[in-house]
Amino acid sequence: MIVYKTALRKPSEIQKNWVLIDAKGKTLGRLASFISNILQGKNKADYTPYWDNGDNVIVINARYIKVTGQKRQDKIYYWHSKAPGGIKSASYDKLLEKHPEKPLEIAVKGMLPHNRMGRKLLGNLKIILRQIILILIKIQKLFLLMNKGEFKWQK
């Protein structure tokens, strides 16, 4: 009798990469779906739903995400302050003025699992409002060196 076993990687063997995404001109829902797949690791061959084997994602230019139709005026976000009668609301436009990263963060959060794993995966998402190219270039060089094994931590 032949027994087939699924080869699973241990959490210590999982290698996380950094993915830089420019959100300028992208549609909100399509971009959020793409990001959630990367965060969960569904784009990898060794996807395991109960392990954090997805990559880290850095999003720049989140302020310039587009939405289709009349969503810019009609879409309303609700939250509660946890005080009696503390329901708050804001349209997409108002929320974008105050917190440009929130619409994308809320959309990605809704597409991740609604449990501890989803909250952990959301921590792997970094939304940068302004282009900080110099810092990103330094980070990229650091990761390239770390992947080659040439980088040594200095005390």
Being in contact with a helix residue (DSSP H, G or I) (Cβ under 9 Å, 6 or more places away or on another chain), surrounded by 15 or more Cβ atoms within 10 Å (Cβ to Cβ), in a helix (DSSP H, G or I) and not charged (D, E, K, R), is that true of even one residue in segment 7-21?
-> no
Restricting segment 48-98 to residues that are in contact (Cβ under 8 Å) with a residue 24 or more places away in the chain, in contact with a strand residue (DSSP E or B) (Cβ under 7 Å, 6 or more places away or on another chain) and among the polar types (S, T, N, Q), the residue that is nearest to Ala7 (Cα to Cα) | Asn56
Identify the residue in segment 101-155 that is among the β-branched types (Val, Ile, Thr) and closer than 23 Å to Val67 by Cβ and, among all such residues, is modelled with the lowest pLDDT.
-> Ile128
Only residues that are closer than 22 Å to Tyr92 by Cβ, surrounded by 13 or more Cβ atoms within 10 Å (Cβ to Cβ) and free of Cβ contacts under 8 Å to residues at least 24 places away in the same chain: list them for segment 22-47, please.
-> Phe34
Within 15 Å of Glu101 (Cβ to Cβ) and in a helix (DSSP H, G or I) - does that describe any residue in segment 32-51?
-> yes
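The values are calculated or read from the model by the stated rules, or taken from the named source; none is laboratory data. The structure presented is a predicted model; accordingly, all values stated were derived computationally and were not measured. A quick note on method: Cβ atoms are made from the backbone with ideal geometry, for glycine too, and the neighbour counts reach across all protein chains shown.
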